[in-house]
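Working notes for the structure below.
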């Protein structure tokens with residue numbers, strides 16, 4: 001009953017990213033200029049992104065070639081392994097078959113370098129000198145710092161204050177790669193100073209950190225902004241995960257009934273699930289996809305599908321997404337990467353089309369699931385990934401109670417080696433469940449922009 005590993009060779013790694021927009025039955029709602037209410041043009045995005053990434057953002061082409069320079073760097077850790085979790089199956093006494101794609105083998109320990117390397121490459125090609133960004137849990141910030149070091153780019157990271165305090169080792173990793181890390185909100189930007197004037201002890205949010213990074217990038221011709229989730233081109237780059245999983249499951253003679261991913265901004269879920277959803281949309285195979293988010297930041301399960309700003313200072317264009325309101329400041333739960341006020345427009349659209357179901361979980365249950373997984377499989381998941389582990393265990397136990405055998409695939413998007421304080425606090429009883437109340441939801445959503 002030992003765990004089984006499915007490996008691919010480098011020449012089996014995908015040569016192109018998969019763009020699900022080519023297969024959608026309904027086009028994604030347009031991104032709007034907040035001043036005019038009209039769809040934005042590529043020129044509107046040029047202060048923030050190089051033209052190559054803007055073209056990917058709006059592309060309807062099914063396959064977009066991965067540059068050789070990017071693919072050669074991917075080979076440092078890709079293809080990543082797919083495991084059959086037989087020990088976990090045995091521990092749960094379930095007839096279900098459980099597979100997990102393990103992205104923790106990357107240099108920064110998560111799936112984030114899949115897009116960080118691509119974004120750094122395209123910015124370097126465009127002559128950019130510095131990248132600004134935000135990070136919550138630190139996985140994205142450390143991944144962009146790694147990619148920046150490879151391409152000789154300066155990296156400035158605004159790290160959500162509560163994560164800056166909770167995760168010093170993630171911060172140290174970014175700095176080891178050469179990045180500058182600033183706790184957000186900060187006194188370095190107008191957006192940060194405004195928040196601190198009103199909330200001097202602000203724990204911060206991804207929306208605030210985005211405002212700071214965007215403000216700095218827009219004011220400097222040699223800087224561009226990089227985002228680790230949410231945007232179409234970011235989700236595109238992550239589809240190497242699901243493409244590899246398709247090939248590995250074919251090696252195993254299997255195909256999933258259920259695909260599960262944790263969701264904060266949407267890149268992890270998209271990476272594992274979009275290739276499978278694409279196959280479903282083309283009439284090839286059916287699939288159930290489950291997106292799992294924290295109960296403390298429930299954009300999919302309790303947010304509104306509406307146009308909203310992507311940041312707190314309202315510097316970004318308007319996108320239609322599941323949102324809790326751009327002014328939302330989440331509780332300081334340890335799954336920092338899942339504390340964004342909105343969800344990717346693409347993931348939101350696909351949920352709205354009924355192709356993905358969503359559920360919210362409490363952090364104590366998720367940490368318990370992570371420890372169950374670690375004791376069986378030997379890998380301690382990142383707190384974010386624990387949400388997918390929790391849903392996977394629930395579905396496996398459902399198979400046990402119903403006497404059915406299903407194949408479950410989930411994305412173990414990163415390890416928890418830089419999150420040990422969270423596990424220490426959990427086992428010491430210092431963590432608590434929090435929930436976003438109905439009154440807080442209503443208050444945050446009351447400030448949504450009006451779009452005709």
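The values are calculated or read from the model by the stated rules, or taken from the named source; none is laboratory data. Computed from a predicted structure; not experimentally measured. Neighbour counts are summed over all protein chains in view; Cβ atoms, including those assigned to glycine, are modelled from backbone coordinates with ideal geometry.
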(request) Please tell me if residue 246 is under 20 Å from residue 19 (Cβ atoms), touching a helix residue (DSSP H, G or I) at 6+ places or on another chain (Cβ under 8 Å) and in contact (Cβ under 8 Å) with a residue 40 or more places away in the chain. (result) no
(request) Can you work out which of the residues in region 109-132 that are more than 19 Å from residue 383 (Cα to Cα) and assigned to a loop (DSSP other than H, G, I, E, B) is farthest from the chain's Cα centre (by Cα)? (result) 127
(request) Report, by residue number, each residue of region 336-349 that is in contact with a helix residue (DSSP H, G or I) (Cβ under 7 Å, 6 or more places away or on another chain) and either part of a strand (DSSP E or B) or more than 12 Å from residue 293 (Cα to Cα) (or both). (result) 342, 344, 346, 347
(message) Here is a check on your reading of the model: is residue 241 surrounded by 24 or more Cβ atoms within 10 Å (Cβ to Cβ), closer than 21 Å to residue 4 by Cα and either touching a residue at least 24 places away in the same chain (Cβ under 8 Å) or touching a helix residue (DSSP H, G or I) at 6+ places or on another chain (Cβ under 7 Å) (or both)?
(response) yes
(request) Tally the residues that are in a helix (DSSP H, G or I) and without any contact (Cβ under 8 Å) to a residue 60 or more places away in the chain, restricting the search to region 191-235. (result) 5
(message) Need the failing condition index for residue 325 against (1) at positive phi; (2) part of a strand (DSSP E or B), just the number.
(response) (2)
(request) Please determine, by comparing only the residues of region 408-452 that are in contact with a helix residue (DSSP H, G or I) (Cβ under 7 Å, 6 or more places away or on another chain) and assigned to a loop (DSSP other than H, G, I, E, B), which one is surrounded by the fewest Cβ atoms within 10 Å (Cβ to Cβ). (result) 433
(request) Just one of (1) under 19 Å from residue 440 (Cβ atoms); (2) surrounded by 24 or more Cβ atoms within 10 Å (Cβ to Cβ) trips up residue 306, so point out which. (result) (2)
(request) Kindly check whether there is at least one residue in region 434-452 that is within 23 Å of the chain's Cα centre (by Cα), under 29 Å from residue 325 (Cα atoms) and modelled with pLDDT of 95 or more. (result) no
(message) Against the conditions (1) surrounded by 24 or more Cβ atoms within 10 Å (Cβ to Cβ); (2) within 11 Å of residue 116 (Cβ to Cβ), where does residue 159 fall short? Just the number, please.
(response) (2)
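For residue 193, are the conditions met, namely being surrounded by fewer than 23 Cβ atoms within 10 Å (Cβ to Cβ), in contact with a helix residue (DSSP H, G or I) (Cβ under 6 Å, 6 or more places away or on another chain) and farther than 20 Å from residue 21 by Cβ?
no
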(request) Determine which member of the set 284, 250 is at pLDDT 95 or above, in a helix (DSSP H, G or I) and surrounded by fewer than 21 Cβ atoms within 10 Å (Cβ to Cβ). (result) 250
(message) Going residue by residue through region 176-184, is there one that turns out to be at pLDDT 95 or above and at positive phi?
(response) yes
(request) Name every residue in region 335-381 that is within 14 Å of residue 414 (Cα to Cα) and at pLDDT below 95, in order of residue number. (result) 335, 336, 337, 338
(message) I'd like to verify a number: residues in region 44-93 that are free of Cβ contacts under 8 Å to residues at least 12 places away in the same chain and within 15 Å of residue 126 (Cα to Cα), how many?
(response) 1
(message) I need a count of the residues in region 368-392 that are in contact with a helix residue (DSSP H, G or I) (Cβ under 6 Å, 6 or more places away or on another chain) and either buried (at least 24 other Cβ atoms within 10 Å of the Cβ) or in a loop (DSSP other than H, G, I, E, B) (or both).
(response) 10
